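What follows is a single structure, written as structure tokens, with notes after it.
Throughout, read-outs are computed from the coordinates displayed, never taken from laboratory work. Model, not experiment: these values are computed from the prediction. Cβ atoms come from the backbone with ideal geometry, glycine included; neighbour counts cover every protein chain shown.
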Amino acid sequence: MPAGPTDQWLYDRQSSLSILMPVYNERETVKAAIEQVLTTPLPVESIELIVIDDGSTDGTGAVLDSLYWPPGVILLRHDSNAGKGADRPVPLSAPAREGLCHRAGDHRSPAALR
């Protein structure tokens, strides 16, 4: 599928990309969702994956804590569930990032980054 007008920048330049992945009670899917993002070839020089645990109560936080994540993966936590959209005001670690996208943490859309 050809790039649309809003995502053409991604194919025109080698740039950096920040991906926000909010998760809430995703214990069973969060590892696979993160691994998919990290292994999907993207036409950028660098990615930053920001995983925001929105007060999960099912052990999602324990899964995130128990695994090793490479540099570029940032884990953030809310003490309690703040609801959909609460991840939007998260400050990026590098304000110079040229692109930002949002990726669901439930791993229900495996073609989202392909």
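Counting charges near Gly61 (Lys, Arg +1; Asp, Glu -1) among other residues having Cβ under 12 Å from its Cβ returns a value of -4.
Per-residue Karplus couplings for region 66-73, computed as 6.51 cos²θ - 1.76 cosθ + 1.60 with θ equal to phi - 60°, are listed in order as 7, 10, 8, 10, x, x, x, 9 Hz, Gly and Pro entered as x.
Applying the Karplus relation 6.51 cos²θ - 1.76 cosθ + 1.60 with θ = phi - 60° to region 20-27 yields 3J(HN,Hα) values of 8, 10, x, 10, 8, 6, 10, 3 Hz, where x marks Gly and Pro. The fewest-to-most ranking of Thr40, Thr29, Thr60 by surrounding Cβ atoms within 10 Å reads Thr40, Thr29, Thr60.
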